[in-house]
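Okay, structure first, notes after.
Derivation of every value follows stated rules applied to the coordinates shown; laboratory data play no part. Just so you know, these numbers come straight off a predicted model, no measurement behind them. As a convention, Cβ positions derive from the backbone with ideal geometry for all residues, glycine included, and neighbour counts pool all protein chains shown.
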Amino acid sequence: MSRAQRKMDHIQHALTTGQLRQSGFDDIMMVHQSLPNLATTDIQLNTKIGELSLSSPIFINAMTGGGGERTWEINKALAEVAKVCNIGLAVGSQMSAIKDRDEAATYEIVRKTNPNGLIFANLGSEATVDQAKKAVDMLEANAIQIHLNVIQELVMPEGDRDFSGALKRIEEIVHSIHVPVIVKETGFGISRETATKLVDIGVSIIDVSGYGGTNFSKIENERRTQKLEFFNEWGISTAASIAEVKHTVPHTSIIGSGGIQNPMDIAKAITLGASAVGMAGYFLKTYMEEGQETLIQLIQQTHDELRWMMTALGASTIEQLQHVPVVITGQTYHWLTQRRVDCSEFSNRTF
Ligand code: FNR
């Protein structure tokens, strides 16, 4: 099967397998404040990840490109949405364009459409420094995401089976490239052990992309005859992963992603320690099924509702939202307690 066909398969199967809604956010309860002393107009949504300034904590996470005309159209539409809503956008893995120059246009359209926007390049951890530089140059990207996708590769019938040397290659990229490097998962979560290894080699932004939203084991299993069902329930939930990584590497910028759909998920991800959130599958579904205008309205409404939620919590900035008290219950409480993260620190803090 060609790489281009595989990209279209991923989109199709992402839409049919959907989002699990098991990212752990139901376990998080925010503490209401009856005297917030704020107006909704006081709320500022701008944030920082590493040295990057974002006008909104929401960005469109990596999805596509490299699948011919249809992926060109999708990337163009997403770039238009990002421009209107003034949010960042990551493209899907650019390896196809590095291997086949004819596919480059399916990514370059993003920069053409949004010349001044915040755009992230994307490659897997098999990438060399040279390939990473090409990916950044292709888009004049503001940062590059390096994705980790061991489970997807294992379930993919034609996937990689050798994951050695990834950390070393990421280290070389971090030290040779002039834009920030974001290391991201693809829906299985980052553990504290992985976070520590990444920070030790100089990574300053981690996207946990946890379990509970788009499930790449399910997507790849759709393409197999003999299914690897056990990987369908594999991974660290987004909520647990954000809190665990924040606890382990408190000075590293964290992006929360994996199953984020609404302002409540966004607010909770931020209270657990994220500085921004990436949304992929839910935005894709909205665009593919309801069109570009509906996606724009959804994002604008999400911004408004996040402002109202922050007002009710008494947090006027994203930084303050990161410090509001939250009570952690259920499976997420048990996970974090077993991993020696003291949940009472979240529930008793002041800001
Ligand atoms: C993805 N994702 C992804 N990630 C990445 O780093 N490079 C890629 O090429 C892709 N490709 C891709 C295609 C499709 C169709 C989807 C839906 C997703 C993963 C994505 O960025 C994100 O990490 C996960 O999807 C989890 O977030 P959501 O979808 O639950 O918001």
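Relative to the longest principal axis of the Cα atoms of the chain, helix 166-176 runs at roughly 80 degrees.
From Cα pairs below 8 angstrom and at least 6 apart in sequence, can you work out the relative contact order of region 146-264, rounded to a whole percent?
On the way: 202 pairs, mean separation 35.7, N = 119.
That works out to 30 percent.
The aspartates and glutamates within cross-link reach of residue 76, meaning a Cα-to-Cα straight distance under 12 Å and a gap of 8 or more places when in the same chain, are 108. So which of 184/246; 134/184; 184/268; 168/227 end up more than 23 Å apart, counting from Cα to Cα? The answer is 168/227. The chain gives an Rg/Rh value of 0.95, both radii derived from C-alpha positions and Rh following Kirkwood.
The angle separating the long axis of helix 238-248 from the principal Cα axis of greatest extent in the chain is about 80 degrees. Compared with the dominant principal axis of the Cα atoms in the chain, helix 69-85 is inclined by about 30°.
When the alpha carbon gyration tensor of region 1-94 is reduced to an equivalent ellipsoid, the three semi-axes, largest first, read 34, 19, 11 Å. Taking each DSSP H run with n ≥ 4 as -39500 (n - 2.57) and averaging over every residue of the chain yields -13500 deg cm²/dmol at 222 nm.
Just the number: Rg to Rh for region 183-264, Cα atoms, Kirkwood Rh, two decimals. List each step's numbers first, then the result.
On the way: Rg = 13.7 Å, Rh = 13.2 Å.
For region 183-264, the value is 1.04.
Pairwise inverse Cα distances across region 222-351, averaged and inverted, put the Kirkwood hydrodynamic radius at 16.3 Å.
Express the C-alpha Rg of region 84-203 as a ratio against the empirical globular expectation 2.2 N^0.38 Å, rounded to two decimals.
It is 1.06.
Give the peptides 49-62, 27-40, 280-293 in descending order of average Cβ contacts within 10 Å, highest first. Display every interim value, and only then the final one.
Working: 49-62: 21.5, 27-40: 13.7, 280-293: 17.8.
The peptides rank, most packed first, as 49-62, 280-293, 27-40.
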